[in-house]
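Reviewing the structure listed below.
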Amino acid sequence: MKSDRPKALFEVCGAPMAELVGRAMQGAGADRPVVVIGVCGEEVQGALGEGYDYAWQREQRGTGHAAASASDALKDFDGPVFVAAGDVPLLTSDVFQQLLSRHDEAQAQCTLAVVELDDPTGYGRVIRDDSGRPVRIAEERDASEAERKIREVCVSVYCFDAKTLFRLLPSLSTDNAQGEQYLTDMVEAVAGSGGRVETCFFEEAWLFQGVNDRWQLAQAELALRQRILRRLCEDGVSVVDPATTYVAVDVEVGRDTVLEPMTSIGRGCEIGKNCRIGPSTTIRESTLGDRCVVLMSHLNGAWLENDVRCGPFANLRPGARLHSRSRVGNFVEVKNASLGVAASASHLAYLGDATIGASANIGAGTICCNFDGFQKNRTTIGENAFVGSNTTLIAPVSVGEGAIVAAGSVISHDVPPDSLAIARGQEVIKEQWASKWRRRKEAQSK
């Protein structure tokens, strides 16, 4: 990957690859997948969190050695265990469920997922005996010319009997091109000890696409994104242009919502029914109610009730709370601030650390001066208040219910309810001054 970052933590549609593999296992019934970690293991453990058990592989001596590292974590477990690499992000719960069903039906000790590829380069070939039973896997580097022509390959997704797996793993040899313990050698070990080895064939080879470089990561992102968008469409969401719409895993979108082109919705988002999102909109970790319109805007950590309109070019930062029927227009920034029911800030305003009451109107160019160089201070604006254009509110300060602030004012003291506040220099008019000034300037230029 040409990166200091562990490959397992590279994200596909907002989730680390290893998490996507673990989630697929959990969806098939695995309680707490064991993640084998080594180099940068603390970083992987910190990113994946509490939903997994962890086993350390202190030395990297191959995939078989990696699997053996989980023996202590599963020493008391008796039953089937899934094994898969952490860089196969397109795996689904259905893959593991099919694998488990095949394993149980055949009463096998080892069941491996297999596919057929037109170009099997790089994959281990499935070698069968005269009766058609799988007896070993020939890795690319160790395979003969005849074996390399085999199109049936092992994709390194398995279901093992746990006791058999951990009994035979220590016996794996390192007599191969890489001098490592191959997990694929478990097929020969099980078959050679009298155990039953079965295969589970999958038509969709793309589900097992591994990620070994940035281009393969991009291809996996595309495939998973299309799966997510298709699911949304099947659930009643309209996606105008799938090629330019980006939705992360776990995002919830209500029916009859329309996602316009160039829209990106990250993890932790929930969007209600009958909304219109985009075009050119980014939403992260936000919740939107029903019938919201978000046009060409950026939302991060925002919360919108029903019937809210936002944009274009609005920036809702963490702590932004817009109650029903409120409106935030073009070039309005909201941070750690709430707008009450039907409140409006239609354009060109900064509302930071503020509480704005229902039906209040915030004029263009209004800013809340919330930072005094040492701490953030709060502005409170009451219900039905009217703040004129180009007003500066120096926090901490409050504007009472129904009060009016004249345009161009600098407000540094509280405004009582139903009052008019004017805080600006007195207008001075000098008649004919402009024409005299121009004549004087013209005379000077000659």
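Structural remarks
- Residue check for I404: of a type in the set (A, V, I, L, M, F, W, C) and under 24 Å from S326 (Cα atoms): yes
- Pick from segment 359-385, criterion of a type in the set (A, V, I, L, M, F, W, C) and over 17 Å from S409 (Cβ atoms), ranking: most open to solvent (accessible area, probe 1.4 Å): F374
- Residue count for segment 144-177, restricted to those that are open to solvent by 40 Å² or more (accessible area, probe 1.4 Å) and either charged (D, E, K, R) or under 20 Å from A84 (Cβ atoms) (or both): 9
- Some residue of segment 272-283 being within 15 Å of the chain's Cα centre (by Cα) and among the charged types (D, E, K, R): no
- Residue satisfying condition, being more than 24 Å from S173 (Cβ to Cβ) and part of a helix (DSSP H, G or I), within set A66, A18: A18
- Checking each residue in segment 70-83 for being at negative phi, open to solvent by less than 30 Å² (accessible area, probe 1.4 Å) and part of a loop (DSSP other than H, G, I, E, B) picks out only A70.
- Odd one out for V211 among (1) over 30 Å from V157 (Cα atoms); (2) β-branched (V, I, T); (3) over 16 Å from the mean Cα position of the chain (by Cα): (1)
- Test result for I228, part of a strand (DSSP E or B) and within 30 Å of Q209 (Cα to Cα): no
- Output for segment 84-113, where each listed residue is crowded, with 22+ Cβ neighbours inside 10 Å and farther than 19 Å from A223 by Cβ: L99, H103, A108, Q109, C110, T111, L112
- Hey, D250 among the acidic types (D, E) and either closer than 19 Å to D307 by Cα or open to solvent by less than 10 Å² (accessible area, probe 1.4 Å) (or both) or not: no
- Residue check for L288: over 27 Å from S389 (Cβ atoms), crowded, with 21+ Cβ neighbours inside 10 Å and touching a helix residue (DSSP H, G or I) at 6+ places or on another chain (Cβ under 8 Å): no
- A count restricted to segment 415-432 and to residues that are under 19 Å from G382 (Cβ atoms) and open to solvent by 100 Å² or more (accessible area, probe 1.4 Å) stands at 3.
- Strands (runs of 3 or more DSSP E) lying entirely in segment 101-165 (those with 2 or more residues that are charged (D, E, K, R)): 124-128, 152-161
- Of the residues examined, V114 is not one that is under 28 Å from the mean Cα position of the chain (by Cα) and of a type in the set (V, I, T).
- Residue in segment 187-199 that is touching a strand residue (DSSP E or B) at 6+ places or on another chain (Cβ under 6 Å) and either exposed (fewer than 14 other Cβ atoms within 10 Å of the Cβ) or farther than 23 Å from L74 by Cβ (or both) present: yes
- Scanning segment 36-63 for residues being assigned to a helix (DSSP H, G or I) and either surrounded by 11 or more Cβ atoms within 10 Å (Cβ to Cβ) or of a type in the set (K, R) (or both) gives a total of 8.
- Tally of residues being under 14 Å from S156 (Cα atoms) and either free of Cβ contacts under 8 Å to residues at least 24 places away in the same chain or open to solvent by 50 Å² or more (accessible area, probe 1.4 Å) (or both) across segment 114-143: 6
- Selection from segment 104-160 of residues that are over 15 Å from Y182 (Cβ atoms) and among the hydroxyl-bearing types (S, T, Y): T111, T121, S131, S144
- Under the condition of being surrounded by 23 or more Cβ atoms within 10 Å (Cβ to Cβ) and within 21 Å of the chain's Cα centre (by Cα), the residues counted in segment 291-313 number 5.
- For segment 397-404, the condition of being at pLDDT 95 or above and open to solvent by 100 Å² or more (accessible area, probe 1.4 Å) holds for at least one residue.
The values are calculated or read from the model by the stated rules, or taken from the named source; none is laboratory data. These numbers come from a predicted model, not from an experiment. Here Cβ is always computed from backbone atoms with ideal geometry, including for glycine, and neighbour counts include all displayed protein chains. With ligands, DNA and RNA removed, areas are computed over all heavy atoms of the protein, side chains included. Shrake-Rupley method; radii C 1.70, N 1.55, O 1.52, S 1.80 Å.
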